[in-house]
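Here's the structure we're looking at; comments come further down.
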């Protein structure tokens with residue numbers, strides 16, 4: 001009876017140990033997966049935070065560029081009013097009638113200079129005279145602001 | 001007494017099996033964040049301008065004969081394409097507007113250029129950080145029990 005009981009207990013103990021071993025292994029495997037998932041989620045969160053920071057930085061840069069552009073536009077509009085103001089100060093028709101030779105020379109020079117402004121804006125190399133210019137007027141009186149742009153490059 | 005012990009042991013066994021059976025193995029998450037390289041846009045520059053010179057003649061009541069003779073001597077066709085003083089002013093102002101427009105367009109292109117160059121730097125930095133984070137995570141997950149214990 002005692003041997004039989006010991007045998008049954010041994011079998012039961014063996015089964016219980018086996019089950020516990022299975023339970024332990026299963027739990028460890030589950031823990032490993034959960035740890036791995038946790039690490040991946042932490043990384044995903046970190047990447048998301050970095051993406052948000054990157055977008056915020058881009059937004060700031062976009063704003064910065066819009067502000068710079070607005071300033072440049074204001075400056076260009078101001079430059080564009082120079083000729084209008086100049087023409088407003090003089091009666092060109094009257095001057096041409098009185099001194100046609102002088103006005104003819106002036107407008108030919110002014111046309112050449114205005115054309116040269118387009119060439120410079122399009123990226124043309126500066127002439128020696130333009131490179132040696134010390135101020136905007138001696139650089140090109142039709143677009144003296146380009147002298148400042150060149151000197152800052 | 002013996003029967004009771006066996007019943008208790010089998011009861012515990014059955015409980016464990018039932019509890020374990022209720023749960024399932026958690027699903028392993030796969031996160032993929034592979035950065036994509038954007039192809040670079042390389043555009044040619046616009047052609048440089050090389051404008052032709054324009055010769056103007058001021059023709060008045062007093063000098064029209066002199067100007068006419070100049071034109072005859074030059075061998076050009078005997079026709080003037082005339083503008084009034086107001087027309088000349090308007091032409092000058094129109095050209096000035098066009099110059100301002102080109103300058104504004106150049107400024108816009110410059111702003112785009114500056115913005116995208118800066119953005120590219122930010123993206124590269126973010127991608128590098130993401131890659132670093134993944135590498136760290138991979139190293140961590142590859143560590144065994146003893147590795148973690150030492151840490």
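Is there any pair linking a residue in region B:16-45 that is over 29 Å from residue A:42 (Cβ atoms) and at the interface with chain A (Cβ under 10 Å from one of its Cβ atoms) to one that is at pLDDT 70 or above and surrounded by 10 or more Cβ atoms within 10 Å (Cβ to Cβ), with Cβ under 6 Å and at least six apart or on different chains, and which? Cβ pairs passing all conditions: B:16/A:19.
In the set A:83, A:31, A:69, A:87, only one residue is exposed (fewer than 12 other Cβ atoms within 10 Å of the Cβ) and under 49 Å from the mean Cα position of the chain (by Cα); that residue is A:31.
A count restricted to region B:57-87 and to residues that are at the interface with another protein chain (Cβ under 7 Å from one of its Cβ atoms) and either in a helix (DSSP H, G or I) or within 47 Å of the chain's Cα centre (by Cα) (or both) stands at 1. In the set B:100, B:114, B:107, which member is closer than 30 Å to residue B:133 by Cα, surrounded by 14 or more Cβ atoms within 10 Å (Cβ to Cβ) and either out of contact with any strand residue (DSSP E or B) (no Cβ under 6 Å at 6 or more places or on another chain) or modelled with pLDDT under 90 (or both)? Among B:100, B:114, B:107, only B:114 is closer than 30 Å to residue B:133 by Cα, surrounded by 14 or more Cβ atoms within 10 Å (Cβ to Cβ) and either out of contact with any strand residue (DSSP E or B) (no Cβ under 6 Å at 6 or more places or on another chain) or modelled with pLDDT under 90 (or both). Residue check: residue B:140 meets all listed conditions (1) modelled with pLDDT of 75 or more; (2) under 29 Å from residue A:43 (Cβ atoms) but one, namely (1).
Among the helices (runs of 4 or more DSSP H) confined wholly to region A:52-153, which include 3 or more residues that are touching a helix residue (DSSP H, G or I) at 6+ places or on another chain (Cβ under 7 Å)? Break it down stepwise before answering.
On the way: elements: A:92-98, A:100-121, A:128-132, A:136-139, A:145-152.
Hits in region A:52-153: A:92-98, A:100-121, A:145-152.
The values are calculated or read from the model by the stated rules, or taken from the named source; none is laboratory data. Quick caveat: nothing in here was measured; it's all calculated off a predicted structure. Quick reminder, even Gly has a Cβ in these numbers, built from the backbone with ideal geometry, and neighbours come from all protein chains shown.
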